[in-house]
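The values are calculated or read from the model by the stated rules, or taken from the named source; none is laboratory data. Computed from a prediction, not measured in an experiment: that's the story for all the values here. As a convention, Cβ positions derive from the backbone with ideal geometry for all residues, glycine included, and neighbour counts pool all protein chains shown. The area values use the complete protein model at the heavy-atom level, side chains included, leaving out ligands, DNA and RNA. Shrake-Rupley method; radii C 1.70, N 1.55, O 1.52, S 1.80 Å.
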Amino acid sequence: MSTALGRVVATERKPNTPHEFHFWTAIDSPVGIGTIVRVEGSQPIDGHIPHIYGIVVEGFSYTDLQSPMHDVLGHDGLPTTAGYAPSERAEIRLYTAAVLRQIPEEPLQPVPMGQVFLAEEADVQIALRMDSYLKEGASTGIPVGVYRAGGTEAVIYLDADFLLGPEAAHLNITGVSGLATKTSAVEWLLASLFTHFPDEKGSIAAVAFNVKGPDLCYLDQPGKVEDSDKALYEKLRVDPKPFPQVEYFAPYTAKGLSLNTFRNNEALLDKVTPLTWGLREVLQFAEVLLNKDDVDAKADALIDFIREQVVDKEFSDPMLSKKHKVQSFADLDAWFRDVLQGMEKKDGESWRTHHVATIRKVRNRLSNISTRCAGLVTNTGEVSDLPFGSFTDRTVYVVDVANLEEDAQDLIFARIVSKLREHLERRDLGVKHLVVFVDELNKYAPGDGQDTYVRKMLLDIAERGRYLGLVLFSAQQFRSQVHRRVVGNSGTSLFGRMDADELATPGYAVLSPATRTKLATLEKGQLMIRHPHFTQPIFVRFPRPSVMQGREGAERYPQSADVSLDAAILRALRPLDPTITLPWVQEITALYTEDEIIRARNATLLARPENVRAYFTAQFRKIIPAQTPARPMAASIKSAPENDPYGF
Amino acid sequence: MNNAGPDTASRAVLRLLRQWLPEMSVIDGASSLEQTSPGDPPILRSAQLVEGSAMRAIRIAGLSRDTTSDFGAFLDGTQRVRVIGHHFGLPIVLGTVSAAIRVRVNRRLTTWGHQPPRVDRKIYAPLRYIPSLANISPGEAGEANWQIVDTSTADKNGEYPSQHPVALFERATRAVDRDREALEDELAEAWCARGEAPLFVDGGISRSARVSASSCAIGVIKSHRTLYVEGDALRTVMGLKRGERSSIFRVSPRSRNSVLSWYLRLRDADGHDPMWGLVRVEAAESERAAERADEVSRWVIAETSPLALPDGRWDKMSYGIRDCEEFLRAIS
């Protein structure tokens, strides 16, 4: 049994309550803000000696000096002489602790006087009510970090039922930028989740949106793990290894030659799948890209008409010059052109109740999408997508949208999340639980500003996702600027080092000044955690993720510069067939246009055929290359028979 | 004298007294007894000079801002006298005395481990005039085994005190004084027996033969009801400047032990009363008395920092003694 390190004290001016108590310690005691302590009462209540667990939230230090002036007088106004005093003044370390748990829990009484002990690992489990989900047969504990104080090291577990549902769900991380805390914490937590998520709860995967920088681009690459971190990994029972199953998705650049991702280095391309959508996919989410000023009721009606009656259908109209089957943006543009020409010929102002101005406006806005989202949206209608329906257990799917325009990011986010939701509702995604990680929540779900489609979707996940197994892990720099219902529905919240201005906002008023100060000075690798089982925030340390960090990855695998068309084709096909060479590509594509070559590449990448060369070459057979007709042979002059009297 | 509301000890003793003396009147608030000063009257007394032929002011050698102190501990005692009731006007007093040695470890003061601090509580009552109390057997003295001290015993001339309540209260106060001094002496003797670092004693050291002869104990007296100087010597002592001491003289009270003594000015008295910052130091006889007086004076002056504020006697009090008093206040 450990020795007491303090004693509970209470005065009339500073009494103890059922939720707060005060204690003093020796000056050199290892107690600090965030330390968990145990109080042993001296008087039994209902035959039980009460045990109270608390966490230090405030600290005071003072001496018996009544006025600072006395110290000045005592040292003749010279601070340098203070050190000559033979005695130090009597000094106190007085702490205020918030109650985490009282045992017995009833009757709930003010904390009694008693000795204070440093909480040991078993105490920490009881104090944080982790005993309920770490007991034999429950085991829904997901290690999130290690609590350290004095000589105590205790693993802190989150309850999977409260992290991924069904009881509560979602996780939100706040912290200043530049310390890599948010991304590191999510990478670490996913590793822990994939290791410890109980088998009986089913399969789990994650979709992470890489919205800035190369942070999430090297999850499959090993990172540097310090010895201190190795010890943490061992304590937390997680292998310090990169994620074994990671799949990357990224659209092309606007030119369409190379993938628009930090991970487009040739050495890493094998795990990157192009993300391209056609008209049908985009039109479903047109409202993501078209704001309310663009789409009034008339325009909305026309878009609905196109979606329902035109796209993917044989469409004919007496006014049109031909039958249309619209499957791509190019087809749609041809259809619009035909409609408008028909109206001009008729000299009519409306067609099928749609005014010509509305038709022109919608044409303009829709055609614009393929420009604004170039690289993602194909004119030709080819689709390369996430493997909805065949998601695999313990796999991270990273969608790299870091280099895209905001519109394209919104479109990708909206469509992917909608598809995930649809599949989870139908229970055919391939996994039972899915974590969606979104950074920069300030931007996607702001607390103020106009209501956007993306914000509505995030609210929907936050409020209803847990019933489907769709869990939102979100991060932002300023929690106060995120929609309250999104962060409010996050059962678990993590806080890294915080900005002082952010801490001054009302949302942090529940924290003591000392806790706020600690939050403002947290080291890298430290987090404050709020979880439904913990009645007070807890500080933990987590190991540096065992994956390559963004900056290191970007240095080791530099992003490829724009390359020529041939080189781009070579780089795209080589992961499928390493024997393909540049001369071969040049020979096959020499006679074709850029669009045709890109289309052939996209088709090949989509099909991933066994015989890549044959498949790629076959894409060009439909096109007969223009050939200069050979000069016709002049008919030979028949020689006249020798006996022909008319022959010349 | 403390007349605050009854504490735990007072309540316990009141319960007992009510059993023993059902007619006793309990005093809840302030005592109605006249406040008197039971101490000796202020007097001047001559003393034998040990250093030189006339009393003079001596600048202490080697005194500087970074003078250090060799004191290793501080001894002080406190007492609390409370009239808790009266029996037909005869005061019944609860006396609490305490004493402690606080040793200095790494510049911080902590309680001496070899002799725990002492806190004694007793009932002081005139048994001659309340005979029923005289017959209390140990079995009736409660769990705390309350001891009753008779405040009506005959003096050395065989005379009993009158029944005047004030006279009996003064008797009780003196008895409490003696008990406190006994506790202090007990602790000082225990310290000297171990021969540890010099002990700073609040008050004189001449009561105990062992302590007065030990180089381990130095007494520092803050009150000057008796001044051991007369005539020009008084003028010399009153005129001492900061960092000056008087010549050494010998104090040999009749009922006590002989010790060397000198006056020492700790703080400049300009603008204050003449006793401001003036202490009298007592030390055991020494062959090199002057050197010893300078050395001890340097220690005592070093102990003026940190200030003993907010204690009103901070001009003369060392911080270590204030710490003892605060400690005793907390435990008694």
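Consider the stretch A:48-71. How many of its residues are β-branched (Val, Ile, Thr) and loosely packed, with under 14 Cβ neighbours inside 10 Å?
1
Can you pull out the residues in the stretch B:155-181 that are of a type in the set (Gly, Ala, Ser) and either touching a Lys or Arg at 6+ places or on another chain (Cβ under 9 Å) or open to solvent by 50 Å² or more (accessible area, probe 1.4 Å) (or both)?
Within the stretch B:155-181, B:Ser162, B:Ala175 meet the criteria.
Yes/no matrix, rows are residues, columns are (1) on the phi < 0 side of the Ramachandran plot; (2) within 14 Å of another protein chain (Cβ to nearest Cβ):
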position: A:Thr35; (1), (2): yes, no
position: A:Glu40; (1), (2): yes, no
position: A:Gln43; (1), (2): yes, no
position: A:Asp46; (1), (2): no, no
position: A:Ile49; (1), (2): yes, no
position: A:Tyr53; (1), (2): yes, no
position: A:Leu78; (1), (2): yes, yes
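Regarding A:Pro244, is this residue modelled with pLDDT of 90 or more and either farther than 26 Å from A:Ala414 by Cα or within 15 Å of the chain's Cα centre (by Cα) (or both)?
Yes; evaluated as a whole, the condition is true for this residue.
Just one of the numbered conditions (1) within 22 Å of A:Pro244 (Cβ to Cβ); (2) surrounded by fewer than 16 Cβ atoms within 10 Å (Cβ to Cβ) is not true of A:Lys456; which one?
Looking at each condition in turn, A:Lys456 falls short on (1).
What about A:Lys313, is it basic (Lys, Arg), open to solvent by 80 Å² or more (accessible area, probe 1.4 Å) and touching a helix residue (DSSP H, G or I) at 6+ places or on another chain (Cβ under 6 Å)?
No, not satisfied.
Within the stretch A:244-315, considering only helices (runs of 4 or more DSSP H) that don't extend past its boundaries, which have at least 3 residues that are under 22 Å from A:Glu406 (Cα atoms)?
A:279-284, A:286-289
With respect to B:Ala100, is the statement that it is under 20 Å from the mean Cα position of the chain (by Cα), among the aliphatic types (A, V, I, L, M) and crowded, with 20+ Cβ neighbours inside 10 Å true?
yes
Would you tally the residues in the stretch A:169-186 being out of contact with any strand residue (DSSP E or B) (no Cβ under 6 Å at 6 or more places or on another chain) and open to solvent by less than 20 Å² (accessible area, probe 1.4 Å)?
4
Taking the conditions exactly as written (over 43 Å from the mean Cα position of the chain (by Cα) and surrounded by 18 or more Cβ atoms within 10 Å (Cβ to Cβ)), does A:Gly34 satisfy them or not?
no
Answer yes or no: is there a residue in the stretch A:113-128 that is within 12 Å of another protein chain (Cβ to nearest Cβ) and aliphatic (A, V, I, L, M).
No; the residues of the stretch A:113-128 include none that is within 12 Å of another protein chain (Cβ to nearest Cβ) and aliphatic (A, V, I, L, M).
Could you identify the single residue in B:Arg207, B:Arg225, B:Arg256 that is more than 19 Å from B:Ile58 (Cβ to Cβ), of a type in the set (Lys, Arg) and surrounded by 17 or more Cβ atoms within 10 Å (Cβ to Cβ)?
Criteria check complete, one pass: B:Arg207.
Please name all residue pairs, on different chains or six or more residues apart, with Cβ atoms under 7 Å, provided the first residue is in the stretch A:542-563 and is of a type in the set (Phe, Trp, Tyr) and the second residue is in a helix (DSSP H, G or I).
Matching pairs, first to second residue: A:Phe542/A:Ala185; A:Phe542/A:Trp188; A:Tyr557/A:Ala267; A:Tyr557/A:Leu268.
Mind checking which residues of the stretch A:451-474 are free of Cβ contacts under 8 Å to residues at least 24 places away in the same chain and over 20 Å from A:His433 (Cβ atoms)?
A:Asp451, A:Lys456
Here is a list: B:Arg178, B:Arg235. Which entry is within 27 Å of B:Thr96 (Cβ to Cβ) and among the charged types (D, E, K, R)?
Testing whether each residue is within 27 Å of B:Thr96 (Cβ to Cβ) and among the charged types (D, E, K, R) leaves just B:Arg178.
Just the residues that are of a type outside the set (Asp, Glu) and either assigned to a loop (DSSP other than H, G, I, E, B) or over 18 Å from A:Pro30 (Cβ atoms) (or both), please, taken from the stretch A:107-121.
Answer for the stretch A:107-121, where residues must be of a type outside the set (Asp, Glu) and either assigned to a loop (DSSP other than H, G, I, E, B) or over 18 Å from A:Pro30 (Cβ atoms) (or both): A:Pro107, A:Leu108, A:Gln109, A:Pro110, A:Val111, A:Pro112, A:Met113, A:Gly114, A:Ala119.
Look through A:Ala297, A:Ala267 and report the one residue that is within 15 Å of A:Ile359 (Cα to Cα) and surrounded by fewer than 15 Cβ atoms within 10 Å (Cβ to Cβ).
None of the others qualify; the one that does is A:Ala297.
Identify the single condition in (1) of a type outside the set (D, E, K, R); (2) open to solvent by 30 Å² or more (accessible area, probe 1.4 Å); (3) more than 10 Å from chain B (Cβ to nearest Cβ) that A:Gly6 does not satisfy, given that it satisfies every other one.
With (1) of a type outside the set (D, E, K, R); (2) open to solvent by 30 Å² or more (accessible area, probe 1.4 Å); (3) more than 10 Å from chain B (Cβ to nearest Cβ) applied to A:Gly6, the lone miss is (2).
Quick test of your reading of the structure: A:Ile36 fulfils all but one of (1) out of contact with any Lys or Arg (no Cβ under 8 Å at 6 or more places or on another chain); (2) aliphatic (A, V, I, L, M); (3) at pLDDT below 95. Name the failing condition by number.
Condition not satisfied by A:Ile36: (3).
For the stretch A:491-594, give me every one of the helices (runs of 4 or more DSSP H) that falls completely inside it and has 1 or more residues that are touching a Pro at 6+ places or on another chain (Cβ under 9 Å) and either among the hydrophobic types (A, V, I, L, M, F, W, C) or at pLDDT 90 or above (or both).
Helices (runs of 4 or more DSSP H) meeting the threshold: A:513-520, A:550-556, A:565-573.
Mind checking which residues of the stretch B:265-289 are free of Cβ contacts under 8 Å to residues at least 40 places away in the same chain and over 20 Å from the mean Cα position of the chain (by Cα)?
Within the stretch B:265-289, B:Arg265, B:Asp268, B:Ala269, B:Asp270, B:Gly271, B:Asp273, B:Pro274, B:Glu287, B:Arg288 qualify.
Condition (residue is open to solvent by less than 60 Å² (accessible area, probe 1.4 Å) and within 14 Å of chain B (Cβ to nearest Cβ)) applied to the stretch A:93-105: is it met by at least one residue?
Yes, the stretch A:93-105 contains at least one residue that is open to solvent by less than 60 Å² (accessible area, probe 1.4 Å) and within 14 Å of chain B (Cβ to nearest Cβ).
Pick out, from the stretch B:34-147, the strands (runs of 3 or more DSSP E) lying fully within it that include 2 or more residues that are within 14 Å of chain A (Cβ to nearest Cβ) and modelled with pLDDT of 90 or more.
B:73-87, B:90-105, B:108-111
(1) part of a loop (DSSP other than H, G, I, E, B); (2) touching a residue at least 12 places away in the same chain (Cβ under 8 Å); (3) surrounded by fewer than 20 Cβ atoms within 10 Å (Cβ to Cβ): which one isn't true of A:Asp407, the others all being true?
The failed condition is (1).
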